[in-house]
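Values in this text are rule-based calculations from the coordinates and carry no lab data. Note that this is a predicted model, so its numbers are computed, not measured. Backbone-built Cβ (ideal geometry, glycine too); neighbour counts: all protein chains shown.
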Amino acid sequence: MNNLNEQKTTNPEWLTKITNPIPVWVGWGVNGLAWAIFILTSNHILEFIMGLACVYVGFVAIAKRESTGAKKLIWASFADAIWMFYWAFAVRIEGGSGLLDLIHRFL
């Protein structure tokens, strides 16, 4: 029978492979950088890229969930990603300038 603690800390091989070299503190740095870029640029393409980076950091935090600060990083990263995607795609009432509008103009 499997030990419950072993099941908690076992990650799939693909997750370990893509997240192993990244420490948790780098994930916090990526989240901070994403917010700085968001505030300073208001560029929808960069917001989308930073959203993808936050999703990746969320997976890093999941893979390292036993590390200090990783559980908070999971929530922060996925919340940041949702926020970045929200603004990148301009899913707002006023809309008009997000990636979806740019795509629509070209189609």
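Ordering 67, 42 from the fewest to the most neighbouring beta carbons within 10 Å gives 42, 67.
Per-residue Cβ neighbour counts within 10 Å put 73, 52 in the sequence 52, 73, beginning with the fewest.
When 71, 64 are sorted by how many other C-beta atoms sit within 10 angstrom of their C-beta, beginning with the fewest, the order is 71, 64.
The 3J(HN,Hα) values that the Karplus relation (6.51, -1.76, 1.60; θ = phi - 60°) gives for region 42-54 are, in residue order, 6, 8, 5, 5, 5, 4, 5, 5, 5, x, 5, 4, 5 Hz. Gly and Pro appear as x.
For Cα pairs less than 8 Å apart in space and 6+ apart in sequence, what is the mean separation divided by the residue count of region 9-68, i.e. the relative contact order in percent? It comes to 53 percent, rounded to a whole number.
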